[in-house]
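Here's the structure, in structure tokens; my notes come after.
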Amino acid sequence: MIIEDLRAMTMLDWLENDLLLIINHCELASSDASFRRYFRIKTPDGTFIIMDAPPEKENIVPFIQVANLMAGASLHTPAIFQHNLHDGFLLLEDFGSNSLSDVLNEKNVDDLYRTACDNLFKLHSAADLLNSELPRYDHALLERELGIFEEWFLGQNLDIEIPAALWQTVRTILIDSALEQPITCVHRDYHSRNLMVLDNNGLGVIDFQDAVIGPITYDLVSLVRDCYIDWNAEQVEQWMTAYYQRLLAAELISCELAQFKRWFDLMGMQRHLKAIGIFSRLNFRDNKPDYLNDIPRTLNYVITQSAAYPEFAAFSAFLNNSVLPAL
């Protein structure tokens, strides 16, 4: 075990001297698209995950609050055994190393996605929104997220500009569509890398600290039009339709399928535009270039959906005539 950086040394000091744990082994388990890191420690009492979230850059209080909210809706979130709010550390249940993205294939995807949708339905139907204190996915937040695409992908990555009137039209349509949907608890990153396959074949949910109250289609499109793995359009349509019928039967929505599909498609466009911008920002600002490999898949979702709706004809032309050649 070689731990050299100051935060890791502070973390070990907390574990060994404050919590009186005996650390037999410590290794970096993962890092994500934020400033958080995760360490796996082995002790005589078992294996645990430590979240390392620098307080000046990350706030672990929302993680604790959302974990409790989701656990209250019968989702399996990591148990929080100890916390250190001052230094930004959490001692967590270890879900292991197998994410959904590690095990998915054509044979098991329907069963695993059925389980993922079961959990999502629990979140949509049982989360206590009134007492959650979650922020709203409001107009300002949607605008800021779309701005990431313009600044970091078009500007920093490609060095091109989108006509102001065109971009205003795109933003208005996407934001209006998002805000007219029924609201629910939104994980905001409900996809194959944030669902962990557990020993009982259940799914553990991670990376939920940015949850909000927002559009009901957001997490569904995040799951089935995943930025990191894609499935054929017919499968996606079937998953979307099945979930629509489930929401309709539970009276969580009251719209026609065509309206739900439009919400779903346009919500996906908003999410994927944001993700493309974030992937670019991770490269230029945070020195994480691997995420650039996910831009073509994610951009393809946007190109496909913009071509499917006449109101995005000009945007579709911009993507095909300006963005693709520059990329």
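The values are calculated or read from the model by the stated rules, or taken from the named source; none is laboratory data. This structure is a prediction, so every number in the text was calculated from the model and none was measured. Because the Cβ atoms are built from the backbone with ideal geometry, glycine has one as well, and the counts that use them run over all protein chains shown.
Can you tell me how many residues within the range 29-45 are assigned to a strand (DSSP E or B), more than 14 Å from D87 (Cβ to Cβ) and modelled with pLDDT under 95? Explain how you work it out, then say what you get.
Just the residues of the range 29-45 that are assigned to a strand (DSSP E or B), to begin with: 29-31, 37-43.
This time we only want the ones that are more than 14 Å from D87 (Cβ to Cβ), so: 29-31, 38, 40-43.
Retained after the next criterion (residues that are modelled with pLDDT under 95): 29-31, 38.
Of the residues in that region, 4 qualify.
Give the number of residues within the range 287-327 that are of a type in the set (A, V, I, L, M, F, W, C) and closer than 21 Å to A233 by Cα.
Total satisfying the criteria: 9.
So, of the residues in the range 176-194 that are of a type in the set (A, V, I, L, M) and assigned to a strand (DSSP E or B), which turns out to be nearest to the chain's Cα centre (by Cα)?
Per the stated criteria, the residue is V186.
Taking only pairs six or more apart or across chains, which ones have beta-carbon atoms under 8 Å, a first residue in the range 42-71 that is without any contact (Cβ under 8 Å) to a residue 12 or more places away in the chain and under 16 Å from G204 (Cα atoms), and a second residue that is crowded, with 20+ Cβ neighbours inside 10 Å and of a type in the set (V, I, T)?
A71/T77
Here are S74, S99: which of them is more than 18 Å from the chain's Cα centre (by Cα), of a type in the set (S, T, Y) and under 30 Å from Q238 (Cβ atoms)?
Numbers: S99 fails: more than 18 Å from the chain's Cα centre (by Cα).
That would be S74, the only listed residue that is more than 18 Å from the chain's Cα centre (by Cα), of a type in the set (S, T, Y) and under 30 Å from Q238 (Cβ atoms).
I'd like the residue in the range 73-95 that is surrounded by 15 or more Cβ atoms within 10 Å (Cβ to Cβ) and small (G, A, S) and, out of all such residues, is nearest to I206 (Cα to Cα).
Looking at the filtered set, the residue picked out is A73.
Please go through (1) of a type in the set (A, V, I, L, M); (2) out of contact with any Pro (no Cβ under 8 Å at 6 or more places or on another chain); (3) in contact (Cβ under 8 Å) with a residue 24 or more places away in the chain; (4) farther than 30 Å from K57 by Cα for L327 and return the number of the only condition it doesn't satisfy.
Among (1) of a type in the set (A, V, I, L, M); (2) out of contact with any Pro (no Cβ under 8 Å at 6 or more places or on another chain); (3) in contact (Cβ under 8 Å) with a residue 24 or more places away in the chain; (4) farther than 30 Å from K57 by Cα, the lone unmet condition for L327 is (2).
Each row is one residue, and each column tells you yes or no for (1) among the hydrophobic types (A, V, I, L, M, F, W, C); (2) assigned by TED's automatic domain parsing to the domain that holds E234; (3) at pLDDT below 95.
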site: M70; (1), (2), (3): yes, no, no
site: H76; (1), (2), (3): no, no, no
site: N105; (1), (2), (3): no, yes, yes
site: L120; (1), (2), (3): yes, yes, no
site: H124; (1), (2), (3): no, yes, no
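Considering E251, E145, E161, E234, which residue is touching a helix residue (DSSP H, G or I) at 6+ places or on another chain (Cβ under 8 Å), in the same structural domain as L282 (by TED's automatic domain parsing) and free of Cβ contacts under 8 Å to residues at least 12 places away in the same chain?
Details: E251 fails: touching a helix residue (DSSP H, G or I) at 6+ places or on another chain (Cβ under 8 Å); E145 fails: free of Cβ contacts under 8 Å to residues at least 12 places away in the same chain; E234 fails: touching a helix residue (DSSP H, G or I) at 6+ places or on another chain (Cβ under 8 Å).
Among E251, E145, E161, E234, only E161 is touching a helix residue (DSSP H, G or I) at 6+ places or on another chain (Cβ under 8 Å), in the same structural domain as L282 (by TED's automatic domain parsing) and free of Cβ contacts under 8 Å to residues at least 12 places away in the same chain.
Looking at the range 149-170, which of its residues are surrounded by 19 or more Cβ atoms within 10 Å (Cβ to Cβ) and not aromatic (F, W, Y)?
Correct list: L154, N157, V170.
Give me a count of the residues in the range 178-198 that are of a type outside the set (A, V, I, L, M, F, W, C), surrounded by fewer than 21 Cβ atoms within 10 Å (Cβ to Cβ) and more than 22 Å from L90 (Cβ to Cβ).
Total satisfying the criteria: 2.
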